[in-house]
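The values are calculated or read from the model by the stated rules, or taken from the named source; none is laboratory data. Quick caveat: nothing in here was measured; it's all calculated off a predicted structure. Here Cβ is always computed from backbone atoms with ideal geometry, including for glycine, and neighbour counts include all displayed protein chains. Heavy atoms of the whole protein, side chains included, go into the accessibility calculation; ligands, DNA and RNA do not. Shrake-Rupley method; radii C 1.70, N 1.55, O 1.52, S 1.80 Å.
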Amino acid sequence: MIDSSQAYKKARRQYLKTTRNRDPNIGKDWTPFRAAEKHFKAQFPPPDFTKVLDLATLDQNSIPKVIAGICAGKPDVVETRKFSTKSGSIGYTFPVMPGLILLPGFLSPEKQRELIKWSLVEHSRHPNETNLDIHYLLPSEGIWNACVRDGTAVLHPRPIEASAEYLTQDPGPRKLIDNTPINPNNFESVNNVSKPPPPPSSTVQAATCSDLLPRLRWANIGWFYHWGTKQYDFSKGKIPVHDTVRELCKGAVQSVDWNEIFASDTSDWGPNGPDWVNWHEDYEPDAGIVNFYQTKDTLMAHVDRSEVCATSPLVSISLGNAAVFLMGGLTRDTEPIPILLRSGDVVIMSGPACRRAYHGVPRILENTLPRHMIDVVDDPSWSIYKDYMNSTRINVNVRQVFPKEFDPGLP
């Protein structure tokens, strides 16, 4: 934000208004992770991007993307080590966080647009559950296809069924759920915990498809995730992971020489020892989520504890507007690494330290849609996607729930 811009002046006025009576010691008890979240969420003062790792600034081919964006970080905020993938692209590891890998620009512009279309047209529809399904009666074609067909069509709230068992929710502000880390020893007991659905809202109103589309926040991949308990609901069965995502994520994992990453690692990998030696053959993503962020959305600090396989790679793909990604440690008391993620970047979180570390997305950066999603001349159908992506970041991430040798005993 330029100091003389109207946006800057508006943010400053709002900041002065909201902080006039604020306790000056309000941040005294914040953890380092919470302080970082607050810093990057703030509209004023604008966040300091000189403290954000931006590895695109090291790549001459990415300079146009850096120049076109409103924000650019620095390449030396934290120590990284450069390596070449088996496909010839460049990747980076982080000595301070073994198992964290960044593959900048791993997806071509064409593949990025293909994945955006898949996310909206093919995936955000029945039988894949979305956040809108909880509260609205959506057509089986999904909210995107319904909106393209007739944006003025009205969708009605889902009725509350008198005989249905719903998840009990305490009144007042929503509370954070600190779920038990799942492992082979407690899997059966966690799996047997009741997982009733959340109740539809009693206050939502009928809305048009075009009004509801910006409220799309997530669409489930594979095994159904139960947000009320932050565990998987295996009773619903599993929807196969679509080949478009499955092959892409397996390809990212197979492109890495894991011996180069973990050969000297001395972490505790559990009773069966390091499983990275078999990831090229055994890695099989079977769950995940597509996140749809609007530019004012955030993803607060959290840990993925729901997979029995607590070390195998989680593959995360960024599409659309750029974002600040915070990578922390095993507690919120570890100061996180802020990383600028651009469209086409792939992050892999793997190994016992990284997979159970706190992470989050405190800021989506407005007006950072790359030129290859704006100046598309060879695809007349792209214009509707460009309009949507102008204010959107899509994140596709998948993971493997069960180790290869583990039998969950599911039907």
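When the Kirkwood hydrodynamic radius is evaluated over all pairs of different C-alpha atoms of region 328-384, what value in angstrom, to one decimal, is obtained? Kirkwood hydrodynamic radius for region 328-384: 14.5 Å.
Over all orientations, region 175-263 has a Cα convex hull whose mean projected area works out to 10.1 square nanometres.
Comparing 237, 344, 142 in a Gaussian network model of the chain where C-alpha atoms under 10 Å apart are linked, the largest mean-square fluctuation is found at 237.
With the chain treated as a Gaussian network of Cα nodes joined by springs under 10 Å, which of 304, 286, 268 yields the largest mean-square fluctuation? Residue with maximal mean-square fluctuation among 304, 286, 268: 268.
With 26 Å as the limit on Cα-Cα distance, the pairs of 9/51; 38/111; 117/296; 28/82; 86/111 that go past it are 38/111; 28/82. Simple spin-label estimate for residue 152 and residue 335 gives 5.7 nm between the two label positions (7 Å along the Cα-to-Cβ direction from each Cα). Using only Cα coordinates, the Kirkwood hydrodynamic radius of region 265-341 works out to 15.4 Å. Structural descriptor for the chain: relative contact order 20 percent, calculated from alpha carbon pairs under 8 angstrom and at least 6 residues apart. Rounded to 0.05, the FRET efficiency of the residue 300 and residue 239 pair, given R0 = 22 Å and the Cβ-Cβ distance, is 0.20.
So if we plug the beta-carbon distance of residue 18 and residue 59 into 1/(1 + (r/R0)^6) with R0 = 30 Å, what FRET efficiency do we get, rounded to 0.05? That pair, residue 18 with residue 59, gives E of 0.15.
Please report the carbon-and-sulfur percent of the accessible area for the chain; probe 1.4 Å, protein heavy atoms only, DNA, RNA and ligands left out. Solvent-exposed carbon and sulfur of the chain make up 51 percent of the total.
Direction-averaged projected area, Cα convex hull, region 85-127: 4.8 nm², rounded to one decimal. Give the label of the value calculated from the structure for volume of the Cα convex hull per residue in Å³, choosing from (1) 237; (2) 154; (3) 170. From the options (1) 237; (2) 154; (3) 170, the structure gives (3).
What chymotrypsin sites (Phe, Trp or Tyr not before Pro) does region 22-58 have in DSSP loop regions with at most 14 other beta carbons within 10 Å?
On the way: sites: 30, 33, 40, 49; in loops: 30.
Answer in residue order: 30.
Structure remark: mean-square fluctuation, Gaussian network model of the chain, C-alpha springs under 10 Å; the largest value among 206, 357, 252 belongs to 206. Put simply, the Cα atoms of region 185-343 extend 57, 40, 38 Å along their principal axes, the longest span coming first. Placing dummy labels 7 Å off each Cα toward the beta-carbon, the span from residue 280 to residue 89 is 1.9 nm. For region 296-411, the calculated P(r) over all alpha carbon pairs, in 5 Å bins from 0 to the bin holding the longest distance, is 2, 11, 18, 19, 16, 12, 9, 8, 5, 2, 0 percent. Restriction of the GluC sites (Glu not before Pro) in region 69-114 to DSSP coil positions whose beta-carbon has at most 16 other beta-carbons within 10 angstrom yields 79. A crude spin-label estimate for the pair residue 215 and residue 35, with each label 7 Å from Cα along the Cβ direction, gives 3.8 nm. Distance from a point 7 Å along Cα→Cβ of residue 265 to each backbone N in region 280-306: keep the residues under 15 Å and list them by number. Once the point is set 7 Å along Cα→Cβ of residue 265, 280-283 turn out to lie under 15 Å by backbone N, inside region 280-306.
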